[in-house]
Each structure stands twice: as C-alpha cells, then as structure tokens.
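Structure first, then comments.
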Amino acid sequence: MAANFLSNPTTFLPSSSSLTSQKHTVKGTSVCKPVCRLPNYPPHISKRSLSINLTSLFLLSLTGNANAAILEADDDLELLEKVKQDRKKRIEKQTVLNSANKDKEYLQDVIFKLSQVGQAIENNDLPSAGSILGQTPDVDWLKKANAALSQLSSSPEEKAEVDTFNSSLTSLYSSVTKNDIEGSKSAFVDSASAFEKWTTLTGLTGQLKGL
C-alpha cells in the first residue's frame with residue numbers, strides 16, 4: 001500500500017506544482033518521496049489594518065511638516081534678530097561718527113598730507129615728499145591720525161585696513177629716505193588704498209573731502 005501511495009502522490013496533494021520529489025533507495029529499489037511546499041499565497045490584509053496604516057502615515061506626514069514649519073519659523077526669528085542687531089550697530093556707529101568732529105579733522109589732515117606727498121612723488125621730488133611726511137612715522141599729525149583711526153574702528157575688517165595703512169606708510173617713509181622712487185610710488189599707493197578702504201568700511205566717505 002505504501003508503495004502505491006508513493007508511486008502516485010498527486011492523489012493527496014492540491015497540485016503537482018506544490019511538491020517536489022526526492023529519490024531514495026530502499027533495498028536496491030529507487031522510490032520517490034514527496035516533499036510538500038507551502039503555497040505562496042499573498043498575505044491577507046484587513047480593511048481595518050489598511051485604514052490604521054494609512055492613518056499612521058498621514059499622522060507622520062503631518063508631524064514632519066509641523067517640525068519643518070517650526071524649524072523654518074526658528075530660522076526666520078534668527079534672521080530677524082540678526083537684522084535688528086545689525087541695524088542697532090549701524091545706528092550706534094553713525095552716532096559715534098556724527099559726534100567725532102575732532103577725529104574727522106585729524107583724518108581730513110591725513111587726506112591733505114597724502115595728496116601733497118602723492119603730487120611730490122609723481123614729480124619725482126622725494127625731498128619734498130619727505131619734508132611733508134616728516135622725519136619719522138612718529139610725527140604729531142600721524143599720531144593724531146592713528147588715535148582717530150583706532151577710535152572709529154570697530155570691526156575686524158576696519159582694524160585690518162588700519163594695520164595695512166600703517167605698515168604701508170612705514171614703507172613709504174623708508175623708501176623716501178632711501179630716495180627709492182619706485183618703492184615710494186608703490187608704498188604710497190598701498191597707503192592711500194588702505195585709507196580709502198577704511199573710510200568706505202566705516203561709512204566716512206561722504207563726510208571727508210578729497211577722497
């Protein structure tokens with residue numbers, strides 16, 4: 001009986017596609033042993049489960065949108081606060097500049113001196129340029145100018161231009177003393193450019209003449 005069942009296994013199974021056969025040898029006789037495989041039916045999803053999943057996805061979507069909105073609102077607040085702080089700094093800066101009449105007089109003198117020195121260098125007249133500048137960078141007009149530059153410089157960019165101005169002016173003194181016309185021209189251009197950039201950064205361009 002067992003041999004008959006094994007020789008015709010399809011009588012007990014739904015279809016031939018849901019089983020495979022493996023051969024075994026029993027006392028010299030080759031027989032087939034059926035091995036059942038579970039059919040791959042699609043999983044059953046109830047309407048309730050589907051509704052819950054869709055609701056969960058919708059809630060997650062709403063949560064994500066809400067978080068994004070909160071972050072965007074925070075960014076807007078930070079930007080608004082930065083604008084307010086920048087405006088406050090500009091007002092404070094302008095107040096200082098408007099009241100710095102003495103400092104502006106010293107800076108106006110710098111423009112006058114540089115104009116005269118530049119004219120002398122252009123005419124290759126370094127003795128006259130040296131006479132206008134003074135013997136050393138420690139002269140009175142330059143001390144007052146540096147005091148004004150320091151007083152009115154607040155940002156790192158402004159202070160950097162002041163340093164460039166002073167280092168270039170030191171080179172100008174040295175070149176004029178050595179009667180180096182090319183070195184004097186280069187140092188003069190660097191000094192004048194640094195001073196002009198500084199006045200632009202501080203907002204003094206419209207308050208000083210000769211720029």
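The values are calculated or read from the model by the stated rules, or taken from the named source; none is laboratory data. Values in this document were obtained by computation on a predicted structure and should not be read as measured data. Here the Cβ is made from the backbone with ideal geometry for all residues, glycine too, and neighbour counts use every protein chain on show. Surface areas here come from the heavy atoms of the whole protein model, side chains and all, with no ligands, DNA or RNA. Shrake-Rupley method; radii C 1.70, N 1.55, O 1.52, S 1.80 Å.
Is it fair to say E196 is in contact with a Lys or Arg (Cβ under 8 Å, 6 or more places away or on another chain) and either among the charged types (D, E, K, R) or without any contact (Cβ under 8 Å) to a residue 40 or more places away in the chain (or both)? Taking the combined requirement at face value, the residue does not satisfy it. Considering the range 151-188, the residues that are assigned to a helix (DSSP H, G or I) and of a type in the set (D, E, K, R) include one that is surrounded by the most Cβ atoms within 10 Å (Cβ to Cβ), namely E161. Answer with yes or no whether D138 is out of contact with any strand residue (DSSP E or B) (no Cβ under 8 Å at 6 or more places or on another chain), among the charged types (D, E, K, R) and at pLDDT below 95. Considered against the rule, which asks whether it is out of contact with any strand residue (DSSP E or B) (no Cβ under 8 Å at 6 or more places or on another chain), among the charged types (D, E, K, R) and at pLDDT below 95, D138 comes out as yes. Counting the residues of the range 132-143 that are closer than 15 Å to L107 by Cβ and open to solvent by 80 Å² or more (accessible area, probe 1.4 Å) gives 2.
Among residues of the range 109-137 that are closer than 17 Å to A147 by Cα, those with a beta-carbon under 6 Å from a residue that is assigned to a loop (DSSP other than H, G, I, E, B) and not aromatic (F, W, Y) at least six positions away or on a different chain give the pairs I111/G210. Only a single item in (1) out of contact with any Asp or Glu (no Cβ under 8 Å at 6 or more places or on another chain); (2) assigned to a helix (DSSP H, G or I) is not met by K197, and it is number (1).
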